[in-house]
Each structure stands twice: as C-alpha cells, then as structure tokens.
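Peer 1: Sharing a structure, written as structure tokens. Questions coming.
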Amino acid sequence: MNISPSSGSETSDRIIIFDTTLRDGEQSPGATLNVDEKLTIARQLARLGVDIIEAGFPFASPGDFEAVSKIAEIVGTENGPTICGLARATQQDIKTAAEAIKPAAHGRIHTFIATSDIHLEYKLKKTRQEVLEIAPEMVAYAKSFVDDVEFSPEDAGRSDPEFMYQVLERAIAAGATTINIPDTVGYTTPQEFGAIIKGIKENVPNIDQAIISVHGHNDLGLAVANFLEAVKNGARQLECTINGIGERAGNAALEELVMALHVRRQYFNPFFGRPAESEAPLTKIDTHQIYKTSRLVSNLTGMFVQPNKAIVGANAFAHESGIHQDGVLKHKLTYEIMDAQSIGLTDNQIVLGKHSGRNAFRTRLKELGFDLSDQDLNKAFLRFKDVADKKKEVTDWDLEAIVNDETSQAPELFRLEHIQVSCGDHSCPTATVTVLTPDGEERTDAAIGTGPVDAIYKAINRVVDIPNQLIEFSVQSVTAGIDAMGEVTIRLRHEGRIFSGHAASTDVVVASAHAYMHALNRLYVSVGQGVAVHPQHGKPVAAGK
Ligand code: KIV
Ligand code: ZN
C-alpha cells in the first residue's frame, strides 16, 4: 500500500518518519516540557521534515491536551506534518485525542492495547477474547472521528504471534491504516524483530491494506538495529525520537535511523525495489536540520547528549588521535563515512562581533531558522551585545545558545536578580544571592559551600524554600576556545519527580545559578498542576468503555 501520511496522495515506496519525541520522548523522567516548549520543538520537527508528529497523549492532563491542540493548529497545516494523538483503547481517551487533533489539516489517532500474556494477566486483567473484541471496536470508534487510524498491539515483541495476527487482522478490518509493532520493553534481537515483521506480512491476510510501522525501546541497545532489520522485512514507518530519548533507555534514535538509511542507501535500496545505485532519498528528512534539532531537544528537555553518541554527540565528528587527523587531512574518507555538514554541523562560522547591529543580528537569526517576535528579538539582542563584549567572535552556535536561553518559555516566577561569589584555594566559597519572589518580594541571603556552585545553590535554597535533591549537573562548552560560552544542564528530584534546568553564559558559575533557578521554577509550576496520567502504566481504565 502506498499512502502518503500527510497529503493522502500516492508516494514512492520510502520510509515514513513518525516522530514521538513529544510523546514517548517526553515520558523520560525529567524531560517534561511546557506547551510553548513543545510548540517550539514541533515547529523544528516540521522543518526537519518528519512525516508525522506524535504530539502527546491528550487524555494525560489539560496541559497535554492544550499542547496537542496548539501543535495541531499551528504546525499541522495543509503542507505540514500529520499530527497524531495517542489514546489507550478506551472511548474517553479516543474522544479526547480526536478533539485535540481536530485543528490539524491531517490528523491521526493512535490507539493501542497490549497483546502479550504478561500484560493481559497483570496489567489489563483481560482475556485474549476480550482483547480480540476491544481492539476492532476501538479502531472503529477512532475511525468515526478520522480516516487515519494507527493501531498498536503493545508488547508485540513478547506476544504470541498467532494471537497477535488475529488482533491485527481485526484491527485492519475495522479501519486501521497503520499497524505499529512495538518492542515495548526492548527485548528482541534484530533477527527476531525482522522475523516478527516477516511473520505479519505472511500471516495477516489483509496486511496489504495497512502500512507496517515499528516502535522500539533501547533497553539492550538494539532498537536501531532492530528497526533496520524490520525495514528489510517490509516495515515502512519508523517511530523514533530525537537523540533517542524516551521511556527507560529510550527509543530508537531518529538521527541514527535516518543517517543509516542515507549513508548506506546502496545497501537498503534493493529492499525498496530500487536499483542499488539509486540516489533518491529513502526518507523525506532534511538531514541538514539534524544537529540543530538535537541541540534544541537536548536544551529544552535537559536530556544531555553523551559525547560519543552516534551522529550528534560532541565527538561524533572529532578526530582526536594523531593518526586519524593525518588520515582525514590526506583524504576525508579514510576515517569519515559521512560529512559533518550533512547533519548541519557547519564550520562554526564567525558571523557577528560587538559592532554588529540589530539588522545583521536579525538577518543571521533568520538564516539560522529563528523567527523571533520583536520582544524576543530585543531580549536576545541585548544578551548578544553582552556576550559580544566578553567574547570577540560570536559564532552560529553561540547565537543559538543565546536565543534558546533568552527566549526560553520556562516560567520565571522566582527571578534571580543578583549573584556574588567569592572562592579560591585558601578561602571558603561564599555566595550571596538576591531573588525576586512571585509576589514581588526581594529576598537576599548568603551561604558557604564546598565550591562556588554549591555555595550558590545553598544560598538560593535559603530564599526559595523548595526541598529538592540535585541529581545531575553538567557543563558543556558551546564552542572551542577559552572564552567559549558554557551551557549548564541540571536535574533535580522533588518527591520522586525529576525536573531539569538549562542555562548558558560566558561565566559557568552564573550559568549554573540560572540553570538551578530554571529547574526550580519548573518544579514550582508543575507542583501546582498535579501529576499527568501515564499512557502505559497510569491508573488502569476499563478498556473499551
Ligand atoms: O512502547 C510502546 O509500546 C508504546 C506504545 C504506546 C506504542 O509506546
Ligand atoms: Zn514506547
């Protein structure tokens, strides 16, 4: 079957990229995003060229509903991506998802119910017969709202294939146009996962009426390998996330899948019935947007990207050893299988300096894909001037860090007005901070610590009295050089929930203070909002009702 996910017209046989960063990715502990942050990421995903954005689980909370609905309205345009809402196989979930995606030109409902015996017995407390009835009934219900319905048998990787074939056949008969096969717990090996897809193609009689999709977690580090094997066996939609974020060890990483299909297209082409040497891309992704998207998601979710991460890690294109550098200088292909520029990692052009004016600043930001309101532009420009005073050369990556920081949509309920720190090898690190509280009161206090950051955090804790435990702290430089801007990402825990914070500055101590305030503000807001329902291990609901 050749169905275009967004236009409804025929497409060539290629891979459909279904991005679930805003749904499964956001299920990572601490990756919680607010509505505006989700919208910013959705816009960038559209620029990246994903076919479908799974924008959230609308039933989870009013905030989740609002985010899906806004993304549907603003990003789900006629030529934009399909906007998908997740729903358990219940009428209330499906109806809520249908409402949320309504503003999109192309909307999809993704409904799921588990098919493995372990999930049936312990989570759903349902018989196989009940699941066989609920799945088609709920697909048909979803179909009463939209044409585009996706169905997933959760924990497919551990399900009895014969039973799953029956469920899938009924779901397709009821109108599902995409059948998604999740390896929910990241248990299968590539050969096994490929065989599951092959088995479905051979044993589900009406499978030609649906696109086969795959979804998988990375618990054994096999998600991407599993997906590529699935592609060889006929899967044509890949559900993935930026930087591979998601439940537990995460999901299959979009950038790894896309670049594997791009760099090794001669190997994959024959599985699509194309000549091996065909240059036609296998996905619709603009690979030049990959690096930028990765950084945006990392900054907004507070999910740090490990330096050795394939494609987008800081070392992915760095040639540290002398032998490699020599080889690369003689001929790039000796040690490089892809060009850094193909993922948008340009040579870090020095574009602006302290004499650059507002127009040059705005123009460069536009070229980098930032379309700021006048108010945000003013804020970012003031910050740029400040950075340019301290740092001679302001690169594209610096600009990006400034804009991400200054236009951060995180609420600023407590505002850090002033910090002063003293430290040294023979003195006791001491910090004084002044914070403006949400009711306008200015509070100043001081503390000593084991180091400057510890002293600042203790001083802030004295004025912002929210108990928490700092569980992660990382500093990364935006560019090379002694005057580089530093980006600080932190994660803290409060009553079992994790919150992240992020900030950038030429002074890492200042960035550390702002990152902490960022996380505290997120914590403060979300405590007042209550806990969202988790789609997979949230409170059980009467499936189908
Ligand atoms: O991992 C999983 O099974 C899921 C489903 C909701 C598709 O995320
Ligand atoms: Zn998942």
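The values are calculated or read from the model by the stated rules, or taken from the named source; none is laboratory data. Computed from a predicted structure; not experimentally measured. A quick note on method: Cβ atoms are made from the backbone with ideal geometry, for glycine too, and the neighbour counts reach across all protein chains shown. Each accessible area value is taken on the protein alone, full model and side chains, heavy atoms only, with ligands, DNA and RNA left out. Shrake-Rupley method; radii C 1.70, N 1.55, O 1.52, S 1.80 Å.
Okay, residues lined up against (1) away from ligand 2 (no atom under 16 Å from the Cβ); (2) at pLDDT 95 or above; (3) open to solvent by 50 Å² or more (accessible area, probe 1.4 Å):
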site	(1), (2), (3)
T188	no, yes, no
F193	no, yes, no
P205	yes, yes, yes
A210	yes, yes, no
N233	yes, yes, no
T241	no, yes, no
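Peer 1: Considering each of G246, G322 in turn, give the residue that is touching a Gly at 6+ places or on another chain (Cβ under 7 Å) and either open to solvent by 50 Å² or more (accessible area, probe 1.4 Å) or at pLDDT 95 or above (or both).
Peer 2: Details: G322 fails: touching a Gly at 6+ places or on another chain (Cβ under 7 Å).
The match here is G246.
Peer 1: Ok, one more. Pull up region 352-385, narrow it to residues that are more than 26 Å from the chain's Cα centre (by Cα) and aromatic (F, W, Y), then point me to the one that is most open to solvent (accessible area, probe 1.4 Å).
Peer 2: The qualifying residue most open to solvent (accessible area, probe 1.4 Å) is F381.
Peer 1: Right, something else. Any residue in region 160-168 that is touching a helix residue (DSSP H, G or I) at 6+ places or on another chain (Cβ under 9 Å), aliphatic (A, V, I, L, M), open to solvent by less than 10 Å² (accessible area, probe 1.4 Å) and more than 18 Å from F18 (Cβ to Cβ)?
Peer 2: To start, the set of residues in region 160-168 that are touching a helix residue (DSSP H, G or I) at 6+ places or on another chain (Cβ under 9 Å) comprises 160-168.
Next, only the ones that are aliphatic (A, V, I, L, M) stay: 164, 167-168.
Now narrow it down to the ones that are open to solvent by less than 10 Å² (accessible area, probe 1.4 Å): 164, 167-168.
Subsequent filtering for residues that are more than 18 Å from F18 (Cβ to Cβ) retains 164, 167.
For region 160-168, residues touching a helix residue (DSSP H, G or I) at 6+ places or on another chain (Cβ under 9 Å), aliphatic (A, V, I, L, M), open to solvent by less than 10 Å² (accessible area, probe 1.4 Å) and more than 18 Å from F18 (Cβ to Cβ): present.
Peer 1: Given (1) in contact (Cβ under 8 Å) with a residue 60 or more places away in the chain; (2) under 24 Å from G56 (Cα atoms); (3) open to solvent by less than 50 Å² (accessible area, probe 1.4 Å); (4) away from ligand 1 (no atom under 16 Å from the Cβ), where does H534 come up short, assuming only one miss?
Peer 2: (4)
Peer 1: If you don't mind, there's one more thing I want to ask. Mind checking whether some residue in region 459-470 is closer than 23 Å to A314 by Cα and of a type in the set (A, V, I, L, M, F, W, C)?
Peer 2: Looking through region 459-470, none of the residues is closer than 23 Å to A314 by Cα and of a type in the set (A, V, I, L, M, F, W, C).
Peer 1: If you don't mind, another one. Report, by residue number, each residue of region 386-421 that is without any contact (Cβ under 8 Å) to a residue 60 or more places away in the chain, in a helix (DSSP H, G or I) and open to solvent by 80 Å² or more (accessible area, probe 1.4 Å).
Peer 2: Selection gives D389 alone.
Peer 1: Which numbered condition in (1) of a type outside the set (V, I, T); (2) within 16 Å of ligand 1 (Cβ to nearest atom); (3) part of a loop (DSSP other than H, G, I, E, B) is the only one that P275 fails?
Peer 2: Every listed condition holds for P275 apart from (2).
Peer 1: Moving to a separate point now. Restricting region 500-515 to residues that are farther than 20 Å from L413 by Cα and polar (S, T, N, Q), which is most open to solvent (accessible area, probe 1.4 Å)? Spell out the reasoning first.
Peer 2: Applying the first criterion (farther than 20 Å from L413 by Cα) to region 500-515 yields 505-509.
Subset that is polar (S, T, N, Q): 505-506.
Details: S505: 18, T506: 43 Å².
Out of the qualifying residues, it is T506.
Peer 1: Shifting gears a bit: Filter region 136-173 down to the residues that are within 17 Å of K95 (Cβ to Cβ) and among the small types (G, A, S), then identify the one that is nearest to ligand 2 (Cβ to nearest atom).
Peer 2: Initially, region 136-173 is screened for residues within 17 Å of K95 (Cβ to Cβ), giving 137-151.
Of the ones still in play, those that are also among the small types (G, A, S) are 140, 142, 144.
On the way: A140: 24, A142: 19, S144: 26 Å.
It comes out as A142.
Peer 1: Next question, about the same structure. If you take the residues of region 110-159 that are of a type in the set (V, I, T) and either open to solvent by 70 Å² or more (accessible area, probe 1.4 Å) or out of contact with any strand residue (DSSP E or B) (no Cβ under 7 Å at 6 or more places or on another chain) (or both), which of them is nearest to ligand 1 (Cβ to nearest atom)? It would help to see each step written out before you state the result.
Peer 2: So in region 110-159, the residues of a type in the set (V, I, T) come out as 111, 113, 115, 118, 127, 131, 134, 139, 146, 149.
Still in the running and either open to solvent by 70 Å² or more (accessible area, probe 1.4 Å) or out of contact with any strand residue (DSSP E or B) (no Cβ under 7 Å at 6 or more places or on another chain) (or both): 118, 127.
On the way: I118: 13, T127: 21 Å.
The extreme case among them is I118.
Peer 1: Those residues that are open to solvent by less than 20 Å² (accessible area, probe 1.4 Å), closer than 13 Å to W397 by Cβ and free of Cβ contacts under 8 Å to residues at least 60 places away in the same chain, I need them from region 469-499; list them, please.
Peer 2: Within region 469-499, G486 is the sole residue that qualifies.
Peer 1: Just give me the residues in region 18-66 being hydrophobic (A, V, I, L, M, F, W, C) and under 24 Å from T489 (Cα atoms), in sequence order. If you could, list the steps in order and put the result at the bottom.
Peer 2: Filtering region 18-66 down to residues hydrophobic (A, V, I, L, M, F, W, C) leaves 18, 22, 31, 33, 35, 39, 41-42, 45-46, 48, 50, 52-53, 55, 57, 59-60, 65.
Of everything in region 18-66, those that are hydrophobic (A, V, I, L, M, F, W, C) and under 24 Å from T489 (Cα atoms) turn out to be L22, A31, L33, V35, L39, I41, A42, L45.
Peer 1: Which residues, counting only those in region 252-291, are buried (at least 21 other Cβ atoms within 10 Å of the Cβ) and closer than 23 Å to W397 by Cβ?
Peer 2: A253, L254, E255, E256, V258, M259, I285, T287, I290, Y291
Peer 1: Can I ask one more? Could you tell me whether T90 is in the same structural domain as N218 (by TED's automatic domain parsing), in contact (Cβ under 8 Å) with a residue 24 or more places away in the chain and within 16 Å of ligand 2 (Cβ to nearest atom)?
Peer 2: no
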